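Some notes on the structure that comes next.
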Amino acid sequence: MSKTKKILIVGAKSDIALAVANKYASEGYELQLAARNSSELDPVVDDLKIRHETNVIAYELDILKYERFPDFLDSLACLPDVVLCAVGLLGRQNDDQQKFLNSVLVMRTNYEGPSLLLGEIARRFEMRGHGSIIGISSVAGDRGRASNYIYGSAKSGFTAFLSGLRNRVYKSGVNILTVLPGFVATKMTQSKNLPSILTAQPEEVADKIFAAVKTKKNIIYVRPVWRYIMLVICSIPEFIFKRMSF
């Protein structure tokens with residue numbers, strides 16, 4: 001059996017996921033890529049194999065079909081050393097707050113599915129005695145705001161889940177990393193006019209993730225300025241905050 005380290009990337013079609021895949025492949029990792037429609041990963045798989053001369057396998061996984069998670073994990077060629085969950089759905093706040101099923105989809109995609117999957121992976125890592133889990137959360141989860149509270153509340157739940165999971169598995173040798181990227185220049189945000197000083201590139205996120213996993217960090221803000229921005233936002237008293245609009 002190959003002793004080459006492996007990373008499983010869930011939500012592998014996202015820009016951040018692809019940047020992480022390239023980073024880890026360049027560091028000698030074999031890749032397990034999972035997406036809802038795995039056939040859409042075929043060009044990505046071919047490119048990664050040629051570019052990095054490493055083993056890349058695509059798997060099919062729907063993050064909302066929880067009952068299939070154990071079978072999916074059993075189907076992997078082997079349990080990976082590192083798992084990244086890059087699944088996310090930003091949604092549209094104005095539409096979602098008017099349509100119940102829109103809210104359901106955003107909440108399940110950003111919180112329920114990722115949490116249940118990573119919980120099962122953590123259990124398997126515990127039994128083995130090592131492994132690293134990376135969850136992409138959001139600064140939007142640090143405090144609810146009118147402009148994105150449906151998405152933000154789901155990410156808040158995900159952040160809390162990762163925190164509790166980290167606390168639970170600490171003694172078993174499993175590390176849990178929570179990533180709070182802030183703005184990232186991706187397909188999901190291309191329609192927004194984002195300030196460059198606050199906006200990371202996917203490759204920057206990937207580099208920070210790789211370094212943080214290597215040093216077993218717990219939580220990272222990809223651009224440190226976000227830590228201070230959110231500290232200020234979270235410090236505003238509620239009686240003032242509720243009157244603000246941003």
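Of the helices (runs of 4 or more DSSP H) that lie entirely inside the stretch 43-127, those containing 1 or more residues that are within 16 Å of the chain's Cα centre (by Cα) and either in contact (Cβ under 8 Å) with a residue 60 or more places away in the chain or under 28 Å from GLY152 (Cα atoms) (or both) span 100-107.
All told, TYR29 falls short of being at pLDDT 95 or above, closer than 27 Å to THR109 by Cα and hydroxyl-bearing (Ser, Thr, Tyr). Once the stretch 1-47 is narrowed to residues that are touching a helix residue (DSSP H, G or I) at 6+ places or on another chain (Cβ under 6 Å) and of a type in the set (D, E, K, R), the residue that is nearest to PRO202 (Cα to Cα) is ASP15. Filtered by the rule that a residue be out of contact with any Gly (no Cβ under 9 Å at 6 or more places or on another chain), farther than 15 Å from LEU90 by Cβ and not aliphatic (A, V, I, L, M), the stretch 142-172 gives SER163, GLY164, ARG166, ASN167, ARG168, TYR170, LYS171. Out of curiosity, is SER132 among the small types (Gly, Ala, Ser), without any contact (Cβ under 8 Å) to a residue 24 or more places away in the chain and not in a helix (DSSP H, G or I)? The answer is no for SER132. Any chance the stretch 19-33 includes a residue that's in contact with a Pro (Cβ under 7 Å, 6 or more places away or on another chain) and β-branched (Val, Ile, Thr)? Checked against the condition, which is being in contact with a Pro (Cβ under 7 Å, 6 or more places away or on another chain) and β-branched (Val, Ile, Thr), the stretch 19-33 yields no hits at all.
Going by the structure shown, is ASP74 farther than 27 Å from ALA211 by Cβ, modelled with pLDDT under 95 and acidic (Asp, Glu)? Spell out the reasoning first.
Numbers: farther than 27 Å from ALA211 by Cβ: yes; modelled with pLDDT under 95: no; acidic (Asp, Glu): yes.
Criteria not met by ASP74.
Within the stretch 108-121, restricting attention to residues that are touching a Gly at 6+ places or on another chain (Cβ under 8 Å) and of a type outside the set (S, T, N, Q), which residue is farthest from GLY88 (Cα to Cα)? Don't jump to the end; show me each part of the working.
Within the stretch 108-121, the first condition is being touching a Gly at 6+ places or on another chain (Cβ under 8 Å), and the residues that meet it are 109-111, 114-115, 118, 121.
Filter once more, keeping what is of a type outside the set (S, T, N, Q): 111, 114, 118, 121.
Details: TYR111: 9, PRO114: 9, LEU118: 14, ILE121: 18 Å.
Looking at residues that are touching a Gly at 6+ places or on another chain (Cβ under 8 Å) and of a type outside the set (S, T, N, Q), I get ILE121.
For the stretch 210-229, the count of residues that are among the β-branched types (Val, Ile, Thr) and closer than 17 Å to GLY152 by Cα is at least one.
Of the residues making up the stretch 38-79, those that are crowded, with 17+ Cβ neighbours inside 10 Å, more than 15 Å from LYS6 (Cβ to Cβ) and among the small types (Gly, Ala, Ser) number 1. What residue, among those in the stretch 1-37 that are more than 21 Å from LYS208 (Cα to Cα) and surrounded by fewer than 23 Cβ atoms within 10 Å (Cβ to Cβ), is farthest from the chain's Cα centre (by Cα)? The residue in question is MET1.
Can you pull out every residue in the stretch 172-190 that is over 20 Å from ALA19 (Cβ atoms) and small (Gly, Ala, Ser)? Please lay out each step first, then the result.
Let us first name the residues in the stretch 172-190 that are over 20 Å from ALA19 (Cβ atoms), namely 172-176.
Hits for the stretch 172-190 are SER172, GLY173.
Within the stretch 160-185, if we keep just the residues that are surrounded by fewer than 20 Cβ atoms within 10 Å (Cβ to Cβ) and more than 18 Å from GLU126 (Cβ to Cβ), the residue that is modelled with the highest pLDDT turns out to be ALA160.
The values are calculated or read from the model by the stated rules, or taken from the named source; none is laboratory data. A quick note: this is a predicted structure, and the numbers were derived from the prediction, not measured. Cβ sites come from the backbone with ideal geometry, for glycine too, and all protein chains shown count toward neighbours.
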